[in-house]
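**Student:** I have a structure here, written as structure tokens, and I will follow up with some questions on it.
The values are calculated or read from the model by the stated rules, or taken from the named source; none is laboratory data. These figures come from a predicted structure and were not determined experimentally. Neighbour counts run over all protein chains shown; Cβ positions are idealised from the backbone, glycine included. The accessibility values were calculated without ligands, DNA or RNA, using every heavy atom of the protein model including side chains. Shrake-Rupley method; radii C 1.70, N 1.55, O 1.52, S 1.80 Å.
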Amino acid sequence: MRVSITELKVGDRIIEDTFNSYGLHILSAGTVLDMDDISKLFRHNIDYVQIDLRQAQQPPAASAPDDWEQVNHAYSSAVEGIKSMFAQAASNDTIDETAVNNSVVPLVSCFRQQKDVVSLLLALNSKDDYTYDHSVQVGMLSYYISLWLGYTEEECLLAGKAGYLHDIGKCKIDNAVLNKPGKLSDDEYMEIKRHTIYGYDLIQESLGDETLARVALEHHERFDGKGYPRGIGADRMLPLSKIVAVADIYSAMTSSRVYQKARDLLTVLKELFRLSFNEIDPGITQVFIRHMMPHFIGKSVLLNDGRTGRIVMTNPTDFFRPLVTIDGKFHDLASNQQLQIDRIINESA
């Protein structure tokens, strides 16, 4: 069927070779579109393409496991897994390495097949305790950041485990303090900060893995030396700790907590960019932002004037002011500084 490129979705399959107005071949017949492909069509000013019938328009296929069902199952299992690990570590000061692998390996296997990270973040939320959801999300984001940095699959899996276990020390913090809705006292804040030390001790003594233990210890350290628990600065942090630090901040800011409403995914990327000047690794942050932005293509947005639109193309000179379509008309937010995106609309909610 013939569709406007503004209506394309990730997963649509091109059924004819696509050429631009100069005859340059852009995409081959049979291409299953991802965000980069859709962006390429916009860059070459292509208006319409022929795609295969979408799943909802096709007759039911033989029952095969749905990708999203697999991801949801792996995510829910990982949340339950970290919940059990917290309980076990709190009661007997041990972490079961087999349980860690049983939770993280299937999760990473599912993530490896999913390209749309933004949709994952919007859709995957167990509505359980923030601490458990956050642990799984940081594991997921740490895996993707490592992948985008060019790490080997083994290193990416280690990053996923490091993110998954980064907050395990919170099992030693009183829930009344951990989930306190009001301002913490000085003593309570000092106790919260000790979760990094508790996590290091738990991982070191149970798993004997210095890298995973160091990440739990260092994920709140900052480049300017104003982090905790040791205030060591960039030169003494493990590279993996720097990755998990970025993932930790992004997940924390985009999640709802007893004392904080979830902030918009795109808004938090802007905040990470600001933090990259003195608090977190600028190189890692740039890679994260650069790879996250194409995942916003096709997402619906609420604008500051109350209208809704859809992101159709990222702006290489200003990541946070993309090209959007509103009521069939294109608006370049880089040229129209009065118009801004307030938030990404979660269409799976």
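**Student:** Using alpha carbons only, how many degrees (0 to 90, rounded to 10) separate the axis of helix 239-253 from the longest principal axis of the chain?
**Tutor:** Its long axis makes an angle of about 70 degrees.
**Student:** For the chain, what is the accessible area per residue in Å² when the probe is 1.4 Å? Mind showing how you got there, number by number?
**Tutor:** On the way: 16800 Å² over 349 residues.
With the other protein chains kept in place, the chain gives 48 Å² per residue.
**Student:** Now, a different point. Do me a favour and compute the ellipsoid semi-axes for the chain from its Cα gyration tensor, root of five times each eigenvalue, largest one first, whole Å. Display every interim value, and only then the final one.
**Tutor:** Details: eigenvalues 297, 106, 68 Å².
Ellipsoid semi-axes (Å, largest first): 39, 23, 18.
**Student:** A further question follows. Using heavy-atom solvent-accessible surface (probe 1.4 Å) with all chains present, what is the largest-first order of Trp148, Trp68?
**Tutor:** Trp68, Trp148
**Student:** Follow-up. If one takes the longest principal axis of the Cα atoms in the chain, at what angle in degrees, from 0 to 90 and to the nearest 10, does the Cα axis of helix 67-92 lie?
**Tutor:** Once rounded, one gets 10 degrees.
**Student:** With each pseudo-label sitting 7 Å past Cα toward Cβ, what's the Lys9-Ser256 distance in nm, one decimal?
**Tutor:** Simple spin-label model gives 2.5 nm for this pair.
**Student:** Which pairs, out of Lys40/Lys226; Lys261/Lys299; Lys183/Lys270; Lys161/Lys226, put more than 32 Å between their alpha-carbon atoms? Present the calculation step by step, with values, prior to reporting the outcome.
**Tutor:** On the way: Lys40/Lys226 42 Å; Lys261/Lys299 21 Å; Lys183/Lys270 26 Å; Lys161/Lys226 26 Å.
Pairs exceeding the cut-off: Lys40/Lys226.
**Student:** Let me have the relative contact order for the chain, percent, based on Cα pairs under 8 Å that are six or more residues apart. Don't skip to the answer; put the middle values down first.
**Tutor:** Values: 560 pairs, mean separation 46.7, N = 349.
About 13 percent, as a whole number.
**Student:** Let me cross-check Thr152: its accessible surface, 1.4 Å probe, with only protein heavy atoms counted, in Å² to the nearest 10?
**Tutor:** Using a 1.4 Å probe on the heavy atoms, I get roughly 70 Å².
**Student:** Compute the separation of the alpha-carbon centres of region 305-345 and region 241-260 and state it in Å as a whole number.
**Tutor:** Going from one Cα centre to the other spans 26 Å.
**Student:** Here is a further query. Just to confirm the number: angle between the C-alpha axis of helix 265-275 and the first principal axis of the chain, 0 to 90 degrees, nearest 10?
**Tutor:** Long axis of 265-275 versus the principal axis of the chain: about 60 degrees.
**Student:** In the chain, carbon and sulfur make up what percent of the accessible area (probe 1.4 Å)?
**Tutor:** Details: 8140 of 16800 Å².
It is 48 percent, rounded to a whole number.
**Student:** Continuing with this model, one more query. Report the net charge of residues surrounding Ser300, where surrounding means a beta-carbon distance below 9 angstrom and charges are Lys +1, Arg +1, Asp -1, Glu -1. Walk me through the numbers on the way to the answer.
**Tutor:** Working: positive: Lys299, Arg310; negative: Glu347.
Net of charged neighbours comes to +1.
**Student:** While we're on this one: Which order do His73, His295, His44, His25 take when ranked by solvent-accessible area (1.4 Å probe, heavy atoms of all protein chains), largest first? Display every interim value, and only then the final one.
**Tutor:** Details: His73 125, His295 15, His44 55, His25 80 Å².
From most exposed to least exposed: His73, His25, His44, His295.
**Student:** At a 1.4 Å probe radius, which order do Phe273, Phe296 fall into by accessible area, largest first?
**Tutor:** Details: Phe273 75, Phe296 0 Å².
Most to least solvent-accessible, the answer reads Phe273, Phe296.
**Student:** Further, regarding this structure: Give Lys9/Lys242; Lys83/Lys172; Lys180/Lys242; Lys170/Lys242; Lys83/Lys193 a once-over and call out the pairs whose C-alpha atoms are over 25 Å from each other. Before the final figure, lay out each step's value.
**Tutor:** Values: Lys9/Lys242 34 Å; Lys83/Lys172 13 Å; Lys180/Lys242 28 Å; Lys170/Lys242 20 Å; Lys83/Lys193 20 Å.
Those over the limit are Lys9/Lys242; Lys180/Lys242.
**Student:** Now, a different point. Work out how much length Thr152 to Gln338 would gain on full extension: take 0.36 nm times their residue separation and subtract the Cα-Cα distance, in nm to one decimal. Can you show the working numbers first?
**Tutor:** Details: separation 186, 0.36 × 186 = 66.96 nm, distance 4.34 nm.
So the extension gain works out to 62.6 nm.
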